[in-house]
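> Structure provided below as structure tokens; questions to follow.
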Amino acid sequence: MSWLVQLSGDTSDLASLAQSFTGSDIRITHDDQDYILTSDSFACCVDAADVHREAERIIDALNGAACISPGTMQPIRVGAVLGSRADGKHDIFCFMEPVRLRHRVLPVSVKVTHPDGTVKESHPADHLKQWLSLALANEAVAKVFRICANNELGSVDLYRVLEIIAEDVGGLASIESKGWAKESLMRLLKRTANLERHGVQKNQPPPNPIPKSKARALMVEIIHKWLREKTSGSTSE
């Protein structure tokens, strides 16, 4: 029996993902009614519960990657798990609470016409496909995406991400040496996270905290450069 998993979320986002997740070990398709996730990893699952857990692992990583991606994407959710029989019919093994589909005007593909008349087509979700593959193979990336899937990222969460990346590349000094961020700014994020976590001690003046928007922008830039290094092997932009 082959396994299929229904997905729910913003229809524009799902359409964009379906353009990028094709012909690989993870595929997202549209059957005129639902968006469907299939994965080669489902073949190792023994029952619908295993399939659901594996689908959640994949979609959690995808949602985390989307949170630090250019543009916006609403969270994608795992729906029903289906078993596809040889006669073409589907057995529904479990149901999940559906998420209402919403419509937004987002491009499924972008076409650029160059002066010589050539047309290049790209899909906004192409980089998510690459990042997701990386997350499923690398636990450090998977951890970062799991944290980033929380839409209310505070200084504590952002510093947890920084700690994971610093451990992966050899410390804050290594991040600075790569030109990704100043160590002084990263240490300010640490002090701000400690302030958020523990509060201000009596008679102890608080440090000058880094604004939330600046902290998030700092970490998004570091994450992007870290992912670029992992996917291209380059230590520079």
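> Looking at residue 28, is it surrounded by 14 or more Cβ atoms within 10 Å (Cβ to Cβ), outside any strand (DSSP E or B), among the β-branched types (Val, Ile, Thr) and within 16 Å of the chain's Cα centre (by Cα)?
no
> Quick check on this structure: which one of 149, 215 is at pLDDT below 95 and under 15 Å from the mean Cα position of the chain (by Cα)?
149
> Where residues in the stretch 46-65 are surrounded by fewer than 18 Cβ atoms within 10 Å (Cβ to Cβ) and touching a residue at least 12 places away in the same chain (Cβ under 8 Å), which of them is farthest from residue 77 (Cα to Cα)?
If we take residues in the stretch 46-65 being surrounded by fewer than 18 Cβ atoms within 10 Å (Cβ to Cβ) and touching a residue at least 12 places away in the same chain (Cβ under 8 Å), then 47 is farthest from residue 77 (Cα to Cα).
> Now, a different point. Can you name the residue in the stretch 13-25 that is among the hydroxyl-bearing types (Ser, Thr, Tyr) and surrounded by fewer than 19 Cβ atoms within 10 Å (Cβ to Cβ) and, of all such residues, is modelled with the highest pLDDT?
In this case the residue turns out to be 22.
The values are calculated or read from the model by the stated rules, or taken from the named source; none is laboratory data. Just so it is clear, the structure is predicted and the values come from calculations on it, not from any experiment. Positions of Cβ are backbone-derived with ideal geometry, glycine not excepted, and every protein chain shown enters the neighbour counts.
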